[in-house]
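Before any comments, here is the structure.
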Amino acid sequence: MPDSVLDVSIETVVEISQFGTHGADEIEFLLQPHVGSSPLPIGKGASGGELSRVMLAIEVVLAGVDPVPTFVFDEVDAGIGGRAAVEVGRRLARLARTAQVIVVTHLPQVAAFADQHVVIAKSADGLVTASSVTAVTGAARISELVRMLSGLTNSQAGAAHAEELLDLASQERLAK
């Protein structure tokens, strides 16, 4: 969201009878997600992915000031890919330096930045549907990233790309 603008509207309530439980100010976040769009209240104009990315940006900024122990982001990467996905992965990793961060993602660029990578799979036998959670490390993690990248399970090019993503994430961790 390189061209987005986030404005904060603060209106002071004059009538004491209108004071809320959090004081005399009414605060509203207005998001202009891209050039040419109008700023709208974030809860009304932002897509789920945009809302998640704005929250991620705010939480990264506030992490050092007001630490929160755990964050959960569900598909914070919706509607993005490539370089933007790598940047979201970086920001999540930065946030994870000071808090536990749980991320649901379908993008290998984001998953590569995880300290712990788990795969959630659903299975059904006709009567019962069950989910399983499996931690992946080493070669299994590379295979999972290859699957996420290409849908293939045995791709040398995919494996090289997966290793490149993991190397990038590792370099970011060392650059703390």
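Every number here is computed from the coordinates shown, using simple stated rules; none is lab data. Predicted model only: the values in this text are computed from it and were never measured. With ideal geometry, Cβ positions are generated from the backbone for all residues, glycine too; neighbour counts draw on all protein chains shown.
Things worth noting here:
- Here residue 109 meets the list (1) out of contact with any helix residue (DSSP H, G or I) (no Cβ under 7 Å at 6 or more places or on another chain); (2) among the polar types (S, T, N, Q); (3) crowded, with 16+ Cβ neighbours inside 10 Å almost entirely, failing just condition (1).
- For segment 88-106, the candidate set comprises residues that are farther than 19 Å from residue 150 by Cα and surrounded by fewer than 16 Cβ atoms within 10 Å (Cβ to Cβ); within that set, the residue that is nearest to the chain's Cα centre (by Cα) is 102.
- Test for residue 3: is it touching a Pro at 6+ places or on another chain (Cβ under 9 Å) and surrounded by fewer than 17 Cβ atoms within 10 Å (Cβ to Cβ): yes
- Checking each residue in segment 1-41 for being closer than 14 Å to residue 51 by Cβ and out of contact with any Asp or Glu (no Cβ under 9 Å at 6 or more places or on another chain) picks out 6, 40.
- Residue within segment 61-72 that is closer than 29 Å to residue 146 by Cβ and surrounded by 21 or more Cβ atoms within 10 Å (Cβ to Cβ) present: no
- Cβ separations smaller than 7 Å between residues 6+ apart or across chains give the following pairs from segment 16-40 residues that are in contact (Cβ under 8 Å) with a residue 24 or more places away in the chain and surrounded by 12 or more Cβ atoms within 10 Å (Cβ to Cβ) to residues that are among the small types (Gly, Ala, Ser) and assigned to a strand (DSSP E or B): 30/9.
- Residue among 83, 53 that alone is closer than 27 Å to residue 168 by Cβ, charged (D, E, K, R) and loosely packed, with under 12 Cβ neighbours inside 10 Å: 83
- Residues that are part of a helix (DSSP H, G or I) and either basic (Lys, Arg) or out of contact with any helix residue (DSSP H, G or I) (no Cβ under 8 Å at 6 or more places or on another chain) (or both) were ranked within segment 144-156; the one that is surrounded by the most Cβ atoms within 10 Å (Cβ to Cβ) is 147.
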